[in-house]
Amino acid sequence: MHNIGVLTIYLGLAISIYSFIAFIVGVIKQDQKWVNSGKNGVLTLFLLTSLTIVLLLYVLATSQFQFKYVSMYTSSDLPIVYKLSALWAGNAGSLLLWTFLLTMYTTMVAFSNKMKGNPMVPYISTIMLGNAIFFYFILATTTRPFELNDFIPSEGNGLNPMLQDPGMIIHPITLYLGYVGLAVPFAFAIAALILKNVDSFWIRMTRRWTLLAWLFLTLGNLLGGYWAYLELGWGGYWAWDPVENASFMPWLTVTAFLHSVMIQERKGMLKVWNLSLIILSYALTLFGTFLVRSGVLTSVHAFGDTNLGTYFLIFMGIAVIFAMYVMMSRYHLLKKDSDHFESFFSKESSFLINNLILVCAAFAVFWGTIFPLISEAVRGTKVTVGVPFFNTVMSPILLSLLFILAICPLIAWQKSTIKNLQKNFLIPALLTIIVAILLFIMGIRTIYPIIGFTLVAFMLFTHISEIFRGVKARSSVTLENYPIALIRLISKNRRRYGGYTVHFGIALIAIGIIGSQNFSVESMKTVAIGEKINIADFEITYENLAQKSEGLNDIIFAELKVQKNGKHVGYIQPEKIFYSNWQQPSTEVGMISSWQEDLYIVISAWERDLRATFVVRVNPLVKWIWTGGVVVVIGTLFAIWGGRQNQVIPRYRGTVRKVT
Amino acid sequence: MDFIVMLTSALIIIGCLYMVLAPFFHQKILTNADLKKSSDNEVIKQEFYATLNEIEMDYKMNKLSEYDYRQLKKEVELFFVELLRDQDQLPELSKEKENKQILEEIQSEIQIELELLRKERGLKG
């Protein structure tokens, strides 16, 4: 098994180098046989990585502790699902997974039916193979998945208990799919530049790829937050941890990209900006990986124990310099047919402002993340900026984004007049003022929540108004009744209404963030059995403390009876789990969740006389965040799937080549 | 056991070599006739109707004044005339005459298509 595993990796390295060269020779000699050989190399590479993955999964599942990776991340008592998910618990496995996804995407592009006969294919494949060579080089030299132990241990170290959670099975895969997915639009963009194809062909061809990558990044971030909320037990879902930031930054820039490409598609503007955004997004995925692998920053999930970070930094540098060089060499072409904004009051302008805000947000997160590194380089001591910095900077940014999201749908493309704006905004604005007054009457006095909730309400009203007026306009032309007009309006404009659905999801997430960040209450109390803890409207009675065994693990749990405003609402059972092969116990949060709030209880310590210390939190509106996430996913899927526009192949207008 | 490993390794290596070398020994390679054609006219048509549709919807939803609506509609029509010319899908005519003539043709074509669509659905005009 060891020999075959190692062989597949060395063969993978050799074939990725060969295919890279074969494509270049094919392009230089304009010989289709060389290009076809490169394409077959891509397919072979995918088959080889699939075989490598299967082999590693097999040795993980069968607990073959002669392999270092297996003994480091699994133990024989681990449930099979966690044995398999240990594939991405360490560097070697997760980089192998990355390579597998990369070769899969490369194969899909190289053999894509829509790209059949397109001269960009060899160029795109070469760029993606450049990435594959790097990953294979790492797998062959630095983090070797099939490395053997000097002696065979009788038992493995086991999997970090924090990773033994269903959320952790999906979270890394979704993030990798998002990260690697961005390699596709990046490769298309660079290939288009090389072939002097500066129109929006590459954008149209990669629209679904980019949306899919964005969807996976969104899912990865949300699942990460959900996991942190339930498993880490500190009461929050987002700690501005460097690794969280690493996946959030490309999310922000890709969100900006998804909006600004619409301007290029319609008006041929912002070509340099869009290229810069996709290069930046791709570079940020590599930067994120550098942060996770290098261990330069302290993080919950950093697994930096090698010099991998340096390799990633070097590779990122090469990729960015190459991409910037290609872009600058085509700068005159990119600027040639660029149009201009006709009016400040237009959708184009609002998209541009939205882009600037999103890029500012990405920069703020980037600055806060790397500040410890900069401070260490300048002053010699690592200064971490912490959560208050991020909250202070990001709150006004979130509010500005909500405002732009609110006004954007009611502005027309190209030109809007003040008179039209007044007419369209009147009802949503009046309704929003009523909401603001109601919020004030309900007792909300602090400025951020009032502004935040008001803006969310404004955003929801403008979107509902936009949809209602769309239905009315369609109905007046087609004589369809309103429900039919609504269904047809939405299904015929998947991109627009999928986008609006995503905006609805963002509004729900914003409600959850504003509520939980501003109105959470926390209490830490030591109580004896029968004593009560009062917090907000809740009365919690500590009823029992007991111990149970689950497999080789011991679990200490408390039973708490919960009443709200005098009414019984249920029982909560927070746990501490002690693992046979892990020093640190893990926390299992006890929670009662509703649309209004989460009652969140962690058992922190206990005494011999059964007195126990609990951390109790009431986190308002957190459920809205997860619900918003689901709505975002539905909206994105709606925009990606189906629709005639998605089946259309745009015309390639770049340099013509004999080889494709 | 070693024999099985060696045999498997040899098979993998031979399989890989076959895959990458096979194209050099194949007589038939893709020609332009085999290539996937872009759905060019379809794209232009779709985008044209989508843009016109959006302008009309913006107008009906009070986002545009009547003057701006007519102006924009004309601009979009001219833009697509230019695009079709770039694609060599229009006959060569003198530029001035051509723009006017083609614009009129396109406008009447749109009118006919819209009326046909409405008749098909049994809608008011």
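The simple Förster model, with R0 at 25 Å and r as the Cβ-Cβ distance, assigns A:I418 and A:F468 a FRET efficiency of 0.65.
Look at the stretch B:50-60: the mean tally of other chain Cβ atoms within 10 Å of its residues' Cβ atoms is 5. Computed about its Cα centre, the charge dipole of segment A:171-284 is approximately 640 debye, with only Lys, Arg, Asp and Glu carrying charge at their Cβ. Accessible area of A:W238 (1.4 Å probe, protein heavy atoms only, ligands and nucleic acids ignored): about 50 Å². Look at the stretch A:37-47: the mean tally of other chain Cβ atoms within 10 Å of its residues' Cβ atoms is 4. Of the trypsin sites (Lys or Arg not before Pro) found in segment A:191-272, the ones in coil according to DSSP and having at most 15 other Cβ atoms within 10 Å of their Cβ are A:K196.
Interface B/A, total buried accessible area with a 1.4 Å probe, nearest 100 Å²? Roughly 4700 Å² of accessible surface disappears when B and A pair. Between the amide H of A:D598 and those of A:N619, A:L621, A:V622, distances stay under 5 Å, these residues lying 5 or more places away or on another chain, with hydrogens modeled in the peptide plane. Its Cα gyration tensor gives the protein assembly as shown an equivalent ellipsoid; the semi-axes, largest first and in whole Å, are 47, 41, 21.
Roughly speaking, to the nearest percent, how much of the protein assembly as shown's 1.4 Å accessible area is carbon and sulfur?
C and S atoms contribute 64 percent here.
Evaluating 6.51 cos²θ - 1.76 cosθ + 1.60 at θ = phi - 60° for every residue in segment A:150-159, the Karplus couplings come out as 5, 9, 7, x, 6, 9, x, 6, x, 8 Hz, glycine and proline recorded as x. Counting heavy atoms of the protein chains alone, B:L17 has an accessible area of about 90 Å² for a 1.4 Å probe.
Select from segment A:105-137 all residues whose loss of accessible area on going from the chain by itself to the full protein assembly reaches 20 Å² or more (probe 1.4 Å). Residues meeting the cut-off: A:N113, A:K116, A:G117.
Using the Karplus relation 6.51 cos²θ - 1.76 cosθ + 1.60 with θ = phi - 60°, the per-residue 3J(HN,Hα) values for segment A:225-235 come to x, 5, 5, 4, 5, 8, 9, 7, x, 9, x Hz, with x marking Gly and Pro. The base-10 log of I(q)/I(0) for segment A:133-259, evaluated at q = 0.09, 0.10, 0.23 Å⁻¹, reads -0.40, -0.48, -1.26 [Debye formula, identical scatterers on Cα atoms, solvent excluded].
Ranking of A:R445, A:R474 by solvent-accessible surface, largest first: A:R445, A:R474 (1.4 Å probe, protein heavy atoms only, all chains present). Residues of segment B:65-80 that lose at least 30 Å² of accessible area (1.4 Å probe, protein heavy atoms only) when the other protein chains are present, relative to their chain alone, are B:D68, B:L72. Solvent-accessible surface of the protein assembly as shown, taken per residue with a 1.4 Å probe and all protein chains present: 45 Å².
Under 5 Å between amide hydrogens, built in the peptide plane, is the criterion, and for A:G117 it picks out B:K36 among residues at least 5 positions away or on other chains. Residues whose amide H comes within less than 5 Å of that of A:I535, counting only those at least five positions distant or on another chain, are A:I540 (H built at 1.01 Å from N in the peptide plane). Legend: residues A:F257, A:F248, sorted from most to least accessible area (1.4 Å probe; ligands, DNA and RNA excluded), read A:F248, A:F257. Heavy-atom accessible area, probed at 1.4 angstrom with all protein chains present, ranks A:H2, A:H503 as A:H2, A:H503, highest first. The mean number of partner chain beta-carbon atoms within 10 angstrom of a residue's beta-carbon across peptide B:14-22 is 6.
Computed from backbone phi with θ = phi - 60° and the Karplus coefficients 6.51, -1.76 and 1.60, the 3J(HN,Hα) list for segment A:364-369 is 4, 5, 4, 5, x, 6 Hz; x is used for glycine and proline. If you only keep lysine pairs separated by 8 or more in sequence, or across chains, how many in segment A:521-622 come under 20 Å at the Cα atoms? Close lysine pairs found across segment A:521-622: 9.
The alpha carbon radius of gyration of segment A:121-166, expressed as a multiple of 2.2 N^0.38 Å, is 1.85.
The values are calculated or read from the model by the stated rules, or taken from the named source; none is laboratory data. Bear in mind that the values here come from a model prediction, so they are computed numbers and not experimental data. Every residue, glycine as well, gets a Cβ built from its backbone with ideal geometry; the counts of neighbours run over all protein chains shown. Only protein heavy atoms, including side chains, enter the accessible area calculation; ligands, DNA and RNA are left aside. Shrake-Rupley method; radii C 1.70, N 1.55, O 1.52, S 1.80 Å.
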